[in-house]
2 protein chains.
Amino acid sequence: MNTHTESLTKQVFTFVSKLYEHGVDDVVISPGSRSTPLAIACERHPHIKTWIHPDERSAAFFAMGIIKASQKPVAIICTSGTAASNYTPAVSESFISKLPLIVVTSDRPHELRNVGAPQAINQVNMFQNFIKFQIDMPLADETEGTINAINMNMIKAEKHFNGPQRGPVHFNFPFREPLMPDVKLRRFLSSKRKTETKYQKSIDFTNIQTYIEKPRGVIIVGDTQGQDLSQILTYSAIHNIPILADPLSNLRSLNHNNIISTYDALFKGGLSIEPQFIIRVGQPVVSKHLNNWLKEVKCPQILVQNNDTPDAYPKVPTISVEMSANDFFRQAQDVTPTQNKNWLDKWKTMDQEARKYIEAYIEEETDEGAVVGSLLKKMTSKDTLFVGNSMPIRDVDTFNLNSKAEIAANRGANGIDGVVSTALGMAIYKKVTLLIGDVSFFHDMNGLIMSKLHDLDITIICLNNNGGGIFNYLSPKEEAPEHFEKLFGTPLDLDFQHVAHLYELGYEKYNDVAEYKRQTLPQFGSYLYEIMTNREENTETHQALFGKMKGIQYVNTLR
Amino acid sequence: MNTHTESLTKQVFTFVSKLYEHGVDDVVISPGSRSTPLAIACERHPHIKTWIHPDERSAAFFAMGIIKASQKPVAIICTSGTAASNYTPAVSESFISKLPLIVVTSDRPHELRNVGAPQAINQVNMFQNFIKFQIDMPLADETEGTINAINMNMIKAEKHFNGPQRGPVHFNFPFREPLMPDVKLRRFLSSKRKTETKYQKSIDFTNIQTYIEKPRGVIIVGDTQGQDLSQILTYSAIHNIPILADPLSNLRSLNHNNIISTYDALFKGGLSIEPQFIIRVGQPVVSKHLNNWLKEVKCPQILVQNNDTPDAYPKVPTISVEMSANDFFRQAQDVTPTQNKNWLDKWKTMDQEARKYIEAYIEEETDEGAVVGSLLKKMTSKDTLFVGNSMPIRDVDTFNLNSKAEIAANRGANGIDGVVSTALGMAIYKKVTLLIGDVSFFHDMNGLIMSKLHDLDITIICLNNNGGGIFNYLSPKEEAPEHFEKLFGTPLDLDFQHVAHLYELGYEKYNDVAEYKRQTLPQFGSYLYEIMTNREENTETHQALFGKMKGIQYVNTLR
């Protein structure tokens, strides 16, 4: 047995076994030569599933989708050089989204770094702005050091695989040639699993009590990344407190009486209201108007995030509590007196009125909002709707009243990149429909290769308004009309049926929304539905809706 | 006049004017809201040309292409968030390729950083592993500081736009809303240009003289990024020294008597030869066999790179000289005695014999090498052949004997990413044919949008062997055959005619190379020629050729 090969094999087999031990089931590999030891190790592991993705940028977003669907850490593996750089978009997104993306880059050995050797960039700490933990591993040799480096660093890294410190980590592995491990050394491949340690924390509630014993409170719930939220509902029911539920909280689907889904429209209509306390749970919400309101209200705000780096946006909270939502509300119940039922009823009446306008809009209009609203109505609790950034997520915020579907999106940095791939990653474990605009769809078309290579079903609803629809709402439209279409409108003029043919997706095109609404679609499967919409019309109909909201009773009178 | 708007306008108009002053003609902008001030400023500048690219990853590679064609610095501008992360692949490539890519990222203002605000990632120094200069600019205000920060930092940054310190730089600009500059303030837009300072350096040649006065020398020339190389030819002619010319040196096209083009094949055939000194010029060469030889030969090596961070790969040189090739060889002429003509003649004879085998191969075979060889023969001095990494560049190394075409490639980190975009960027100023494999073509298909949006002509020859052809030459093929096709072969099974239709390119498909060779093609224009090849056949024919080289006379006898 060659010593180099045995050391190398032991190193990568041990590392991959450790990944499995700490909960990794899925690994996304992008082909390359330098990554041969890691790729072979994953492939030989008895339980790990490997997914081969030829584009590293999409591959990393694809892994994020698997994380979102499985709530487990997922590893990505690539070769040396710019391959690793292509991971940066998804690493920066998963850092903010707090997703356990385990980035494993293969590197040239030290003597080939920084000397002009091919496929060698400076990979050491290359994601430092966007990473929870990073380590440059040693070259494999016969010493204990090779394995100790894995064991000692995994203790630190795995803190970020689950719980309050979740986020991306980076292992950089230099490998010397020959790169082929000895597949017969399977004794180094272990398939034991670590028992999960549950994260729990209790705090002294005396400080908090003084803030939440007032009669007019509001709970705002954003994305909580799969947390059980049942105690929020109990608390709200007992104490008559309205819950403003972000679409990514996935609370709207419960159709619970106290859940307010229309706040974005109400605020756009001019609602201005001063509660006596606010409890914010989870990530910042989608609605810009709700965030603006949170910035301005004067009452105390309590932020509950199950994370050790809570996001204060949009305003520094009066108290920041690091614990799970259920733990918080279970303890809060005992210290909150029953609230003013009148306060809750006013919110509910207002919500009902707004719903009527929105329901009518979905029925009558023929714009993107109507597509989104009618789509959400058709979906069941078996469905996951993955929503693109820019306009689609805003429309879901407005037009999702109580859809049964699970709603998901990349709302860390809110990029339009990687959306197709994240949706496809989720599609491994969920029945996913993707709602996306044309520019974002274009940006990650390469992600569709996974649908073809791995027979992953996904239904894609592409709202094609031929350019960047969101820019219609921004100032250059009025102030620099001569530059608008070139710099912001950016029509792509692409006929996406060719994309459907390339990736062997079923394809239907609707020339307008009226035509789409006459169908009972979408049928689930590998389909691309392209719905042609109009940026100008969208802007006008949306603005008319928000105008109607101004007529709602009780608005501005709840103080 | 609103003070904020005036300060903002002055800031971005001044910055963009400074870019122009220091040689920037072209700016590639990816659409976004936060980047509005910079985009408008570029658009209003009287001389700057703007190129709008919807995918930041491809946009940055596209800019690299413009740099390669124009030999001028090019700026790229994007919005905040993951948009900036998408620049990383091209930034890391341009750092190693020493290309003046001016990365200008728009950022959220400081109060929205690191707090969970949307589209905010940690952009400060985010490219630190791959950048020559980086600065986080201040928010615009009425003080002198806003403009001083531009003026003082541009002095440092522009050192990297030209000359020995060339490479990418990063300006990060936080902007507060409102983002629209006042287009009437054109007095802040200047269109003066700085006179270029030419880089010159002379050194004491006494040290060098002792190494180069021996009778058997070799000159090896890699990519010198557009340098005038005429003095090398003069020197070689006077002193009877063979020039081993990398395809990216663009010396082979001269058909100069002393230029050896077949060294890669000769080394593969077993050539082993010991000169008395070697002068290496420019970037490391493509040929792995030449690099291996350079590692092993015992004679002194002199490295001439017009750069302040010379690449020692593949071996630490005896002396490293930081100056232009012409300056070096002009001085070297005076200190080198005339060399042994017999030595040069032996190289030439050997080269002639190898050429015969290669010529016959191009004529007779029906594999990728034959496509590459016959393509290169048809091209004229008006053509630029942009070559993909992995197999295409290796085939160009072997089969380009004396093509008149200019040869270009991304040979910093040798990634398969961004190749389509860099070729299209060059196509602004050159008549470009792209030679690329199917996996690399897939990786950057999004780059083709520029052909459509900006009517850029490019002829694409896609060698489709349905997967990663280069892996056939590596060890897992033999040692892990059960994993080979999944992990390394990675067939994509894509029919690229749909890509041609999507981007409105002419399309021709050849089911085999024999069919292709019967045509007089390629016709220049917006065409995609897809040539189906076979990984197994390619490997066999190539290996047979290198086998034949073993029979060449004089091999191993030149010592």
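Neighbours of residue B:495 by Cβ distance under 14 Å: Lys/Arg scored +1, Asp/Glu scored -1, total -3.
For residue A:321, the residues whose modelled amide H falls within less than 5 Å of its own, excluding neighbours fewer than 5 places apart on the same chain, are A:303, A:304, A:305. Shape verdict for chain B, please, from the Cα gyration tensor: rounded (a/c under 1.5), prolate (a/b greater than b/c) or oblate. Oblate is the answer for chain B, as a/c is 1.5 or above yet b/c matches or exceeds a/b.
Computed from protein heavy atoms with a 1.4 Å probe, the total accessible area buried between A and B is close to 6800 Å².
Spin-label model, residue A:71/residue B:2: points 7 Å from Cα along the beta carbon direction are separated by 4.5 nm. Placing unit charges on the Cβ atoms only, positive for Lys and Arg and negative for Asp and Glu, gives chain A a dipole magnitude near 1700 debye about its Cα centre. Annotation for residue B:207, label-to-label distances across the other copies: 6.4 nm (shortest first, one decimal, point 7 Å from Cα along Cα→Cβ). Burial of accessible area (probe 1.4 Å, heavy atoms of protein chains only) in segment B:308-357, relative to its chain alone, reaches at least 40 Å² for B:313. Per residue, segment A:206-353 exposes an accessible area of 34 Å² to a 1.4 Å probe, with every protein chain left in place. Counting only other chain Cβ atoms within 10 Å of each residue's Cβ, the peptide B:85-98 averages 6.
Shape analysis of segment A:368-533 based on the Cα gyration tensor places the equivalent ellipsoid semi-axes at 24, 18, 16 Å, largest first. Secondary structure note: in the protein assembly as shown, about 0% of the DSSP beta bridges are antiparallel. Among A:451, A:222, A:210, which residue has its Cα positioned farthest towards the positive end of the charge dipole of chain A, with +1 placed on the Cβ of Lys and Arg, -1 on the Cβ of Asp and Glu, and the dipole taken about the Cα centre? Of the candidates, A:210 comes out farthest on the positive side. Annotation: amide H of residue B:28 within the under-5 Å range of B:51, B:75, B:76, B:77, sequence separation 5 or more or interchain, hydrogens built in the peptide plane.
With the label put 7 angstrom out from Cα along the Cα-to-Cβ vector, residue A:156 ends up 2.9 nm from the copy partners, going from closest to farthest. Each copy carries a label point for residue B:47 at 7 Å from Cα toward Cβ; from one copy, the others' points are 6.6 nm away, ordered from shortest. When the residues B:193, B:411, B:535 are ordered by accessible surface, computed with a 1.4 Å probe over the protein chains alone, the sequence from largest down reads B:193, B:411, B:535.
Averaged over peptide B:106-116, the number of partner chain Cβ atoms lying within 10 Å of each residue's Cβ comes to 3.
Using the Cα gyration tensor of the protein assembly as shown, with a ≥ b ≥ c the square roots of its eigenvalues, what is the shape: rounded (a/c below 1.5), prolate (a/b larger than b/c) or oblate (neither)? Taking the square roots of the gyration eigenvalues as a ≥ b ≥ c, the protein assembly as shown is prolate. Taking every residue in A:490-499 and counting other chain Cβ atoms within 10 Å of its Cβ, the average works out to 4.
Each Lys or Arg adds one and each Asp or Glu subtracts one; over the other residues with Cβ under 14 Å from the Cβ of residue A:334, this totals -2.
Taking a ≥ b ≥ c as the square roots of the eigenvalues of the Cα gyration tensor, segment B:103-252 is classed as prolate, since a/c reaches at least 1.5 and a/b is larger than b/c. Working from Cα pairs under 8 Å separated by at least six residues, relative contact order for chain B is 14 percent.
Residue A:139 sits among other residues whose Cβ lies under 12 Å from its own Cβ, and their net charge, with Lys and Arg +1 and Asp and Glu -1, is -3. Among the trypsin sites (Lys or Arg not before Pro) within segment A:288-345, those in coil by DSSP and having at most 11 neighbouring Cβ atoms inside 10 Å are A:298. Solvent-accessible area assigned to carbon and sulfur over the protein assembly as shown amounts to 47 percent, based on a 1.4 Å probe. Using a cutoff of 8 angstrom between alpha carbon atoms and counting only pairs six or more residues apart, the relative contact order for segment A:3-176 works out to 25 percent. Taking all protein chains into account, the per residue accessible area for segment B:3-181 stands at 25 Å² (1.4 Å probe). Interface residues of segment A:170-184, defined as a loss of at least 30 Å² in heavy-atom accessible area between the chain alone and the complex of all protein chains with a 1.4 Å probe, are A:180. Once the 1.4 Å probe is applied to the protein heavy atoms, segment A:398-464 comes out at 18 Å² accessible per residue.
Applying 0.36 nm per residue to the separation of residue A:452 and residue A:205 and subtracting their alpha-carbon distance, the gain on full extension is 83.6 nm.
Surface listing: A:51, B:343 arranged by accessible area from highest to lowest gives A:51, B:343, probe 1.4 Å. Positive end of the dipole of chain A (Cβ unit charges, origin at the Cα centre): among A:319, A:35, A:460, the Cα lying farthest that way belongs to A:319.
Close amide-amide hydrogen proximity is noted between residue A:140 and A:176, each under 5 Å apart and 5 or more residues distant or on a separate chain (H modeled in the peptide plane; Pro and chain starts excluded).
The values are calculated or read from the model by the stated rules, or taken from the named source; none is laboratory data. In this text the structure is predicted, and so the values were computed from the model without any measurement. Backbone-built Cβ (ideal geometry, glycine too); neighbour counts: all protein chains shown. Side chains are part of the model used for accessible areas, which takes the heavy atoms of the whole protein and leaves out ligands, DNA and RNA. Shrake-Rupley method; radii C 1.70, N 1.55, O 1.52, S 1.80 Å.
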